[in-house]
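Structure first, commentary second.
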Amino acid sequence: MTPEQRDIFTQIGVTLGDFPDSIDLDDSKPHKLVMILTQEAAGFSNPINMQDTRACFEAWCLIIKAKTSNPGLKIELDVGGITNASYPGGQPANGHLGRFLYRILKFSEQYKQWFELSPALEKIKKNFKNYLDTNKFETNAPLNEAETDLDKLLNKGLEGYVEQLLVDTGRHKTKILKLSSASAIVGRQLPVGLFVGTKAKDHMVFTGGTSAADFWAVDGDTVKVYELKSRNPMVGIITEIFFYSNYVCDVFIEKGNTMNPHKPKKYYRNYDKIKGKKVQGIMLSNSDGWHPSLDESTRRTLTDIMNTNGTAGIIQYVFFEYNFNMRIEVTP
């Protein structure tokens with residue numbers, strides 16, 4: 001954190017030791033904090049992943065709102081060096097930019113009481129909304145079943161291994177995943193790509209490939225989507241679950257939407273069974289794996305702020321934790 005950023009945070013009553021230097025702050029406007037991302041963070045050039053600390057604006061905005069001593073603080077988002085012409089409309093230049101445009105659209109709609117966009121971003125957002133409203137889109141359904149071999153998963157990384165443990169914990173699964181019914185349908189690795197018209201490489205709007213929510217459950221009338229961290233504390237968990245939850249809502253919940261699930265000849269991972277009336281975005285971490293900015297008190301405040309989102313309860317969020325010592329233990 002730069003000395004200038006530290007001074008600004010001190011004035012609004014926030015302590016954030018890991019706030020990235022690449023995000024600029026401007027507090028020259030009364031009762032408003034302007035947050036300025038780099039073009040890389042927004043996907044306009046040399047894009048970086050949305051969960052990166054330099055790019056996860058939703059997480060930083062929400063954490064600042066949760067920690068500030070100024071409850072009336074408004075936050076404006078900008079991207080350095082862009083103009084109205086930086087995105088005139090149409091298919092985004094890459095999937096990272098597409099996701100960023102979707103994220104600013106949803107975040108500005110759902111938290112408009114305290115969040116707004118710079119004039120240039122506001123114009124760009126309207127161009128993207130018009131693009132969504134005047135085209136049809138298709139997702140990428142799973143091409144095969146998710147890997148279940150624990151040894152293979154552990155060789156690839158800890159989180160895939162833990163995902164499988166969590167969805168395959170027998171009688172404990174209902175309690176660990178906070179399911180209301182043992183008959184809930186659970187699946188791993190939900191693809192979150194989006195393509196204009198039909199699924200094709202040159203039709204990409206959101207990143208495809210391995211981009212996926214960690215796992216999901218259909219529990220009564222609620223689709224629960226989970227973002228998992230295993231000994232990997234990141235504030236970006238908030239940005240990921242925000243994107244995944246809105247994606248699931250638009251693709252599987254909203255009726256008459258322009259975003260439609262792909263219908264393959266054969267379904268895998270129960271993709272055709274994802275349906276409901278509500279979405280619950282669940283941020284799941286091992287008990288000692290939360291980022292320092294996400295202490296228990298802050299998580300409680302964040303839950304209240306995130307759930308006051310103008311969706312009439314259709315999208316709600318929650319933080320859960322589990323104990324992990326190369327096996328899953330149920331937290332009492």
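So, in region 102-147, how many residues would count as being assigned to a helix (DSSP H, G or I), over 23 Å from Ala66 (Cβ atoms), charged (D, E, K, R) and in contact with a helix residue (DSSP H, G or I) (Cβ under 7 Å, 6 or more places away or on another chain)?
3
For Asp250, state whether it is among the acidic types (Asp, Glu) and touching a strand residue (DSSP E or B) at 6+ places or on another chain (Cβ under 8 Å).
So Asp250 passes the test.
Is there a residue in region 88-100 that is within 18 Å of Ile36 (Cα to Cα), in contact with a Phe, Trp or Tyr (Cβ under 7 Å, 6 or more places away or on another chain), not hydrophobic (A, V, I, L, M, F, W, C) and not in a loop (DSSP other than H, G, I, E, B)?
Start the filter on region 88-100 by keeping residues that are within 18 Å of Ile36 (Cα to Cα), which leaves 96-97, 99-100.
If we keep only those that are in contact with a Phe, Trp or Tyr (Cβ under 7 Å, 6 or more places away or on another chain) too, we end up with 97, 99.
Keeping just the survivors that are not hydrophobic (A, V, I, L, M, F, W, C) gives 99.
Still in the list and also not in a loop (DSSP other than H, G, I, E, B): 99.
Yes, some residue in region 88-100 is within 18 Å of Ile36 (Cα to Cα), in contact with a Phe, Trp or Tyr (Cβ under 7 Å, 6 or more places away or on another chain), not hydrophobic (A, V, I, L, M, F, W, C) and not in a loop (DSSP other than H, G, I, E, B).
Among the residues of region 295-313, are any surrounded by 19 or more Cβ atoms within 10 Å (Cβ to Cβ) and of a type in the set (Val, Ile, Thr)?
Within region 295-313, not a single residue is surrounded by 19 or more Cβ atoms within 10 Å (Cβ to Cβ) and of a type in the set (Val, Ile, Thr).
Given the residues Lys74, Lys65, which is the only one that is in contact with a His (Cβ under 8 Å, 6 or more places away or on another chain) and at pLDDT 95 or above? Before you say what the answer is, go through the steps one by one.
Values: Lys65 fails: in contact with a His (Cβ under 8 Å, 6 or more places away or on another chain).
Being in contact with a His (Cβ under 8 Å, 6 or more places away or on another chain) and at pLDDT 95 or above holds for just one of Lys74, Lys65, which is Lys74.
I'm told Asn257 meets every condition in (1) touching a residue at least 40 places away in the same chain (Cβ under 8 Å); (2) in a loop (DSSP other than H, G, I, E, B) except one. Can you identify the failing condition by its number?
Exception for Asn257: condition (1).
For region 196-215, how many residues meet the condition of being surrounded by 15 or more Cβ atoms within 10 Å (Cβ to Cβ) and more than 16 Å from Arg99 (Cα to Cα)?
Quick first cut of region 196-215, residues surrounded by 15 or more Cβ atoms within 10 Å (Cβ to Cβ) only: 196, 199, 203-208, 211-215.
Next, only the ones that are more than 16 Å from Arg99 (Cα to Cα) stay: 199, 214-215.
Final tally of qualifying residues: 3.
If Asn155 meets every condition in (1) surrounded by fewer than 16 Cβ atoms within 10 Å (Cβ to Cβ); (2) farther than 19 Å from Tyr247 by Cα; (3) not assigned by TED's automatic domain parsing to the domain that holds Lys199 apart from one, which number is that one?
The failed condition is (3).
Does region 79-91 contain at least one residue that is closer than 24 Å to Thr311 by Cα and modelled with pLDDT of 95 or more? Walk me through it before giving the result.
Let us first name the residues in region 79-91 that are closer than 24 Å to Thr311 by Cα, namely none.
Within region 79-91 (the criterion being closer than 24 Å to Thr311 by Cα and modelled with pLDDT of 95 or more), the answer is no, since none of the residues qualifies.
Restricting to region 203-246, give me the number of residues that are within 15 Å of the chain's Cα centre (by Cα) and hydroxyl-bearing (Ser, Thr, Tyr).
Of the residues in that region, 6 qualify.
Determine whether Asn246 is assigned by TED's automatic domain parsing to the domain that holds Val167, free of Cβ contacts under 8 Å to residues at least 12 places away in the same chain and in contact with a helix residue (DSSP H, G or I) (Cβ under 8 Å, 6 or more places away or on another chain). Before you say what the answer is, go through the steps one by one.
Working: assigned by TED's automatic domain parsing to the domain that holds Val167: yes; free of Cβ contacts under 8 Å to residues at least 12 places away in the same chain: no; in contact with a helix residue (DSSP H, G or I) (Cβ under 8 Å, 6 or more places away or on another chain): yes.
Answer is no for this residue.
Among the numbered criteria (1) part of a loop (DSSP other than H, G, I, E, B); (2) more than 18 Å from Phe320 (Cβ to Cβ); (3) under 19 Å from the mean Cα position of the chain (by Cα); (4) not basic (Lys, Arg), which one does Cys249 miss?
Failing condition for Cys249: (1).
If Tyr244 passes every condition in (1) surrounded by fewer than 22 Cβ atoms within 10 Å (Cβ to Cβ); (2) outside any strand (DSSP E or B) but one, which one does it miss?
(1)
Between a residue in region 76-96 that is touching a residue at least 12 places away in the same chain (Cβ under 8 Å) and crowded, with 18+ Cβ neighbours inside 10 Å and any residue that is part of a helix (DSSP H, G or I) and aromatic (Phe, Trp, Tyr), which pairs come within a Cβ distance under 6 Å, given they are 6 or more apart or on different chains?
Leu77/Phe57
Counting just the residues of region 275-310 that are part of a helix (DSSP H, G or I), among the hydroxyl-bearing types (Ser, Thr, Tyr) and in contact (Cβ under 8 Å) with a residue 40 or more places away in the chain, which one comes out nearest to Thr53 (Cα to Cα)?
Initial filter on region 275-310 (part of a helix (DSSP H, G or I)): 292-294, 296-307.
Pick out the ones that are also among the hydroxyl-bearing types (Ser, Thr, Tyr) and you get 293, 297-298, 301, 303.
Cutting the leftovers down to in contact (Cβ under 8 Å) with a residue 40 or more places away in the chain gives us 293, 298, 301.
Working: Ser293: 12, Thr298: 18, Thr301: 21 Å.
The residue in question is Ser293.
Mind listing whichever residues of region 161-195 are under 21 Å from the mean Cα position of the chain (by Cα), outside any loop (DSSP other than H, G, I, E, B) and modelled with pLDDT of 75 or more?
Passing the criteria: Val186, Gly187, Arg188, Gln189, Leu190, Pro191, Leu194, Phe195.
The values are calculated or read from the model by the stated rules, or taken from the named source; none is laboratory data. Note that the structure is a prediction, hence the values are computed from the model and not measured. Glycine gets a Cβ as well: all are built from the backbone with ideal geometry, and neighbour counts include every protein chain shown.
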